[in-house]
Structures are given as structure tokens and as C-alpha cells.
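**Student:** Right, I'll just put the structure down here and ask away after.
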Amino acid sequence: MSSHLLRAALPGLAIALVPPTGSIAHEIVGNRFFPATLGTDDPGVNDELSLPTVSAFKTGDDPSIKQRDFSGEFSKRITEAFAVSFGSTYTHLGAPGWPTGMGASGFQNLETAFKYRLFKDPAHEFVMSVGLGVEWGRTSAQSVGAEQFNTYTPTLYFGKGFGDLPDTMSWLRPIAVTGQVGYAIPGKRSTTVLGIDPDTGEQRVDTEFHPRVLAWGGTVQYSMPYLKSAVVDLGLPDFINRFIPLVEATFQTPVGNTFTSATGTTGTINPGFIWVGNTFQIGVEALIPINRQSGSTVGAIAQLHFYLDDLDPRGIGKPIFGNAAQPARPFGGN
């Protein structure tokens, strides 16, 4: 029985480049506003809608495959500290040089995420949450590489602002970091399929092993809204004061059930910015692969994200149980 892990690993390599549908929330802790980020999930729990998120890149396959993704996600608070989100992605795959219209297209598996805020410290601008993501197998098109089994990912999220630094380091106070660590557990250890030996033409049995994966990453942000509201007002135009330049990093490391030496960490480094409005934000980032397995060229991602708790605080933006309201954004304007 032969082991064709490469075929089984390709969807995982693509996931390392495609932002998880977990980018579901923004969070306000003291004076700190943590925006919804594109490649990693921030620690927030809120009512929000990401639509659309659009990305384009070339995969690490040989030859490379052009991949374009169009996704959306809706997050709803059940209580002030607990939210459930639902997301889906439409993928188009095509090889360089193929005629227009050729390739594979279809939806990826549906995803659901449950998140609970554990701890919030306004004085130190620190927040921590835990969550569980579920990718539902057999809810997608196999032609775009979606798995036919469930995957469960328990995850820890955190965010820390540096607003508690001393006055001598005031210019560093707008900096914040966020991070997440998840452990993706496939619902099946392996899949056995029938194949044809290309050399002999005889039928053979192939086994695809589904590795457990450590999904980790984070962001470093410099908040212009925070600089104006909590450090110093430089008199810059309001348009400039709403930018949050940042660098994200998203990584995936197979840590179990690999059965091969050809595995390793894949992922991207994503420099870009977020522009924050009163009821929405716009984010744009580059996708820079960390190695050949992660991708063959620099890609791009952009997202339009709506704050439902600001758009309709007494309706869809209100928790189902409870009457908690999100505090006003510290940089002005609700």
C-alpha cells in the first residue's frame, strides 16, 4: 500500500495562504481598539459581517496553480461574551497559460466558529478568548480540494496593547500585538482510494494520511486612531488618523500523523493596512509566502468588513441574550 501524502497535503498548503474564515470580530479594551484582521482572527467577540474578502495568489504546486477566493462571514453574539460565526468561500483554480474559462471552481467546506471571551483587562489593554472552529466535510466541491471529513480546531486568542508604557516611551503606546494558536484535528486519520499505477497500468490502493496541524500566527499593529486619541494629536487629516498599518503572519505546521519527511511549516507574511470608518473598515494586504511550498509569487488580499453592532445596535447588532452595548470607539465617532 503506497502513501500519497502530497495529494492529501495540497489543501493544507492552500489553507496556509488563504486567510481562515475566523476574522470575525473587533474588540475595544480600555482605550484600545483591536480591528478585525484579515489573515488571523483577533480576540474580539462582536456582531459583524465580512463581505467580501477577495484574495489571489499562486500555490506552491509544481506547476503553480492560480487561486482566487471570494468569501463571506457572519458573526452573531449569543451573549455579550459568546459568539457564533458562519462562513463560506468560493474558489477558482486555473493553471498559467490555460484558456480563459478553464479550471476548477466551487465552494469550499462550510465553516462554523464558536468563540468565548475569557478575560478582559482595560487598564493593561489585554484580552483573551478561546474558540472552536469546525470545517464541515462534504459541504463543498471536491474539485477545489475541499476535504470530505470534518476538521475541528480548538484555538486560543489574545490581544495586548502597549498603552500602559511609561511617558518616556509614549510613541510606542499605539503599538498592539494579537495572536492565535490552534490545533486542527481531522475527523479521519486517513483515506483509502483506488488508483492506477502510471507505469504498469495496474490498479493499486493508495492511502492519504490527514495530518494534525498547528495553526498559529499573529499581528503587529500601529494605530493612528490611538496615537491621536491617547498620545498626541499631530493635526493630521481625519483620513490619515483612521489608518492602522500592520504586519500579519499566518503559519501552519503539521505536528502529527504526517508519515513523511517532506512536511514543514508553510505560511505567509502579510504587510498592509486597515482603514477604520464609523460602521465599517477596509483592509488590504500583500501575501508573501515564506517558502516555495507556501506559494510561488506574492499574492494579495482585500476585505470589506461591517460592524453590525454599530450599524444596528438595537437589532441585529444586539446580543440575543442580554443588553450589552459596545463602548464608543475611542478615536471618535460612532
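**Student:** Go over the candidates Ile282, Ile269, Ile288, Ile301 one by one and state the one that is over 30 Å from Asp167 (Cα atoms), touching a strand residue (DSSP E or B) at 6+ places or on another chain (Cβ under 6 Å) and surrounded by fewer than 17 Cβ atoms within 10 Å (Cβ to Cβ). Even if it seems obvious, please write down each step before you answer.
**Tutor:** On the way: Ile269 fails: surrounded by fewer than 17 Cβ atoms within 10 Å (Cβ to Cβ); Ile288 fails: surrounded by fewer than 17 Cβ atoms within 10 Å (Cβ to Cβ); Ile301 fails: surrounded by fewer than 17 Cβ atoms within 10 Å (Cβ to Cβ).
None of the others qualify; the one that does is Ile282.
**Student:** Does the range 1-53 hold any residues that are closer than 26 Å to Val298 by Cβ, modelled with pLDDT of 50 or more and buried (at least 22 other Cβ atoms within 10 Å of the Cβ), and which are they?
**Tutor:** Listed by number, the residues that qualify are Pro35, Ala36, Thr37, Leu38, Gly39, Thr40, Asp41, Asp42, Ser50, Thr53.
**Student:** I need the full set of residues from the range 141-183 which are in contact (Cβ under 8 Å) with a residue 24 or more places away in the chain and among the acidic types (Asp, Glu), in order please.
**Tutor:** Those that are in contact (Cβ under 8 Å) with a residue 24 or more places away in the chain and among the acidic types (Asp, Glu): Glu147, Asp164.
**Student:** Shifting gears a bit: Looking at Tyr226, Tyr183, which is the one that is surrounded by 14 or more Cβ atoms within 10 Å (Cβ to Cβ), at pLDDT 95 or above and within 29 Å of Arg173 (Cα to Cα)? Steps first, please.
**Tutor:** Working: Tyr183 fails: within 29 Å of Arg173 (Cα to Cα).
Criteria check complete, one pass: Tyr226.
The values are calculated or read from the model by the stated rules, or taken from the named source; none is laboratory data. None of the values given here were measured: they were computed from a predicted structure. Glycine gets a Cβ as well: all are built from the backbone with ideal geometry, and neighbour counts include every protein chain shown.
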